[in-house]
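A.B. asks: Got a structure here, written out as structure tokens. Questions coming.
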Amino acid sequence: MELQSRFSGSGNAFLELNASHSFTEQLVNDIVKNAASIFTFEHLQQNFSIYSTYHIMDVLEVLQELFEDIPDYEQQMEVLELLKSEVTRAEGYLQALELVAYLHSGPSISDDSDD
């Protein structure tokens with residue numbers, strides 16, 4: 001629930017707070033109910049509606065802090081950090097492409113305009 005409130009803290013007050021990050025109370029309850037069988041990010045990804053690498057990392061961190069029984073926890077975190085880094089880099093590249101496309105096709109400003 002602490003993770004949920006942290007994710008909701010940056011949400012829009014006019015929208016349902018969990019809508020932007022999809023970390024719902026039902027998801028929290030499902031994770032708690034199945035905590036004894038969660039040991040990998042693949043398990044979280046395949047069996048729960050978690051689509052954010054950040055959220056998966058946070059859930060695994062909480063489970064590791066509580067139970068200290070996740071095999072190869074450090075190695076999983078390294079893989080997730082690499083994945084997160086690649087996603088961030090790809091997002092930056094796509095944003096740059098969008099900016100270039102906008103600059104090339106956006107409205108032009110001419111000097112002889114009356115406005």
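Every number here is computed from the coordinates shown, using simple stated rules; none is lab data. Owing to the predicted nature of the structure, the values given are computational and were not obtained by experimental measurement. Heads up, the Cβs are rebuilt from the backbone with ideal geometry, glycines too, and the neighbour counts pull from every protein chain shown.
A.B. asks: Of the peptides 87-93, 57-63, how do they stack up when ordered by the mean number of other Cβ atoms within 10 Å, highest first?
C.D. replies: Top of the packing list down: 57-63, 87-93.
A.B. asks: Please give the net charge around Phe39, taking every other residue with its beta carbon less than 10 angstrom from that of Phe39, where Lys and Arg add +1 and Asp and Glu add -1.
C.D. replies: Once all neighbours under 10 Å are counted, the net charge is -3.
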